[in-house]
Structure formats: structure tokens, C-alpha cells
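Peer 1: The structure's right below; bear with me while I get my questions together.
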Amino acid sequence: MPAFAGMTEELKGKGGEGGEMRQLFEIVLPLILPTVLYIAYLWVLRPRQGVNFPEMPWFWLGGAGVLLLAVTFLALTLLGGADPTERYVAPKVINGQIVPGHYEPAK
């Protein structure tokens, strides 16, 4: 039995939480942020005479959310990751030490 066999379940649990946070910041937040900012804008600037919120411009809010999502994905594509010619080397255990995953130049 390998030395790291018992750790795999623990690492799987931790990886799931990080993936959920990534989805929150990369997908959900760019879609919801324009609506939250617009409602905050209305709340701050509304008159104190008890006037109700005006009808929401849902089309423009949705469009702004999709635009922010596209900008997020474009930024991740251009600024994140490794060079396409590099090869990913998976993490492994060597002499009892965990060597993290990394990229190496393609051979």
C-alpha cells in the first residue's frame, strides 16, 4: 500500500471546496455584481419620501453581467495557466516527500 493512499480522500475533500470558491468568483459574482451595484445605487440615491423602486432594466443588467463574465474568461485565458507548449507533470511522492505538480517544457 502506498504511503499516500490514506491521504487521497482528505485531499479530494479539500479540492472540492476550492473548486466551489473558484466557480463563485469566476461565474456567479460577475453575473450578480451588476444587479447588486444597481440596487445599491438606487438605495443610496432614492428620495426619502417613500417612493418605490423604479422598474429594473433587466435586459441591461443581464447584458452587463454577461459582459463581465466574458471579460473574466478572457482575462483567465490571457493571464492564467501555462504556455500551450509546456507539459503538466502530476504531483507524486518521492522518498516520502510530496512533489507538487508543475509544468515542464515539452521535449
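Peer 1: For the residue pair residue 66 and residue 29, what label-to-label distance in nm results when each label sits 7 Å from Cα along the Cα-to-beta-carbon direction?
Peer 2: 2.3
Peer 1: Residue 44 versus residue 89, label points 7 Å from Cα toward the beta carbon: distance in nm?
Peer 2: My value for the distance between the label points is 5.1 nm.
Peer 1: Determine, for 33, 69, the number of other Cβ atoms within 10 Å of each Cβ, and report the residues in order from fewest to most.
Peer 2: 33, 69
Peer 1: Could you sort 23-29, 74-80 so that the peptide with the highest average Cβ count within 10 Å comes first and the rest follow in order?
Peer 2: Per-residue Cβ counts within 10 Å, averaged per peptide and sorted highest first, yield 23-29, 74-80.
Peer 1: Excluding residue 107 itself, calculate the net charge of residues whose Cβ lies under 13 Å from the Cβ of residue 107, where each Lys or Arg counts +1 and each Asp or Glu counts -1.
Peer 2: In short, -1.
Peer 1: Let me ask something additional. 5 Å is the cut-off here: which amide hydrogens, built 1.01 Å from N in the peptide plane, fall below it relative to residue 103, excluding neighbours closer than 5 in sequence?
Peer 2: Here the answer is 89, since their amide H atoms fall under 5 Å of that of residue 103.
Taken together, the values in this text are just the output of simple stated rules run on the coordinates, not laboratory data. Quick caveat, the model's predicted, so the values are computed rather than measured. Using ideal geometry, Cβ is built from the backbone for each residue, glycine included, and neighbour counts are taken over all protein chains shown.
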